[in-house]
Structures are given as C-alpha cells and as structure tokens.
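A.B. asks: Handing you this structure, nothing more for now.
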Amino acid sequence: MGIIKGQHLRITIGGKYVAFSTSCTVHVSNSLEDSSTKDTTDGMWAQQSLVGKSWDISVDALYSVDNDQTGISGQQALDLVLANAEVNIEFTGTSGEKNRVADGVKYAGTAFVNDVQLTAGNRENASYSLQATGTGALAKVTTQNAPSNP
C-alpha cells in the first residue's frame, strides 16, 4: 500500500471540483448511547449502542474567480450558503491534468453547505473555508477512471 499525496484527494460539489483547494477533510462519526445496566458484566465497563451516524466535509481554498467554470470559486461557495443549498458532494482520489479525473474509490452523498469563511489579509492571497454537513448516508462507490468534469 502506497502513501497518497494530498493533491490526489479532491472534493467535488455539484459535479465541480473546489477550485484552488489547499486542503480538504472528510469527517465521519458514529453516535453512541450508553446502554449499561446493573446486569452488565461487572458494572465497571460501559456498554454502548449505536444510535446514528453523521458526516461533514471541510475545504480550504484560495479565493478565486474561476473563469473556465470547471470549479467552485470563493464567490460560488458563498452563494451556496446564501441559497441554503443542498448539493451532491463526492470525495475521491484523482489523476490526470490538474488532478481532475476521478480515480478508484469515491464516497458520495448529499449535504447542506452551511458555513463559508472568507479571509483577505493585507498583501496576502485571499482564501476561504467551506463546510458542508451531510444529510443522509455517505456511500462508497467504485469508479473506473471516469472523469467527473466533462
């Protein structure tokens, strides 16, 4: 098993890669509830029951104007929050020019873009952070070098 470089893991929103992303995170968690009783083993160890799952993604990117319309720009990310947008999101390995060819296994689901933070320091590259929270399942899908963007 080889090490995967960060530039080969990408997030798409509505079929478009996040333009000029510098990092991305997918967070998946199980919600547990204590189900211990007086009758459990010795009473010292807690027993847990799975009661739910949740997932969210976050992306950091340079703020850009994406003239070729192949990626999500900072302005488009802000528009998604203002529109209360529910979008299709994919997290996948990539290859090809600009790492824009989905490759191998991907995870896909529907999420609400619920947070965008814009940062513009004096004499620094403007950037933004985007967070989306899943609504429903995050599913594992196998691809065969199929491009996500035509």
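The values are calculated or read from the model by the stated rules, or taken from the named source; none is laboratory data. These numbers come from a predicted model, not from an experiment. Note that we place each Cβ from the backbone using ideal geometry, even for glycine, and neighbour counts take in every protein chain shown.
Residues checked against (1) out of contact with any Ser or Thr (no Cβ under 8 Å at 6 or more places or on another chain); (2) part of a strand (DSSP E or B); (3) without any contact (Cβ under 8 Å) to a residue 12 or more places away in the chain; (4) surrounded by 14 or more Cβ atoms within 10 Å (Cβ to Cβ):
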position	(1), (2), (3), (4)
SER23	yes, yes, no, no
LEU32	no, yes, no, no
MET44	yes, no, yes, no
SER49	no, yes, no, no
SER54	no, yes, no, no
SER58	no, yes, no, yes
VAL87	no, yes, no, yes
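A.B. asks: Any idea which residue in segment 13-38 is farthest from THR135 (Cα to Cα), counting only those that are of a type in the set (Val, Ile, Thr) and at pLDDT 85 or above?
C.D. replies: Looking at the filtered set, the residue picked out is THR22.
A.B. asks: Return the residues of segment 100-118 that are at pLDDT below 90 and surrounded by fewer than 17 Cβ atoms within 10 Å (Cβ to Cβ); say none if nothing qualifies.
C.D. replies: Hits for segment 100-118 are GLY104, VAL105.
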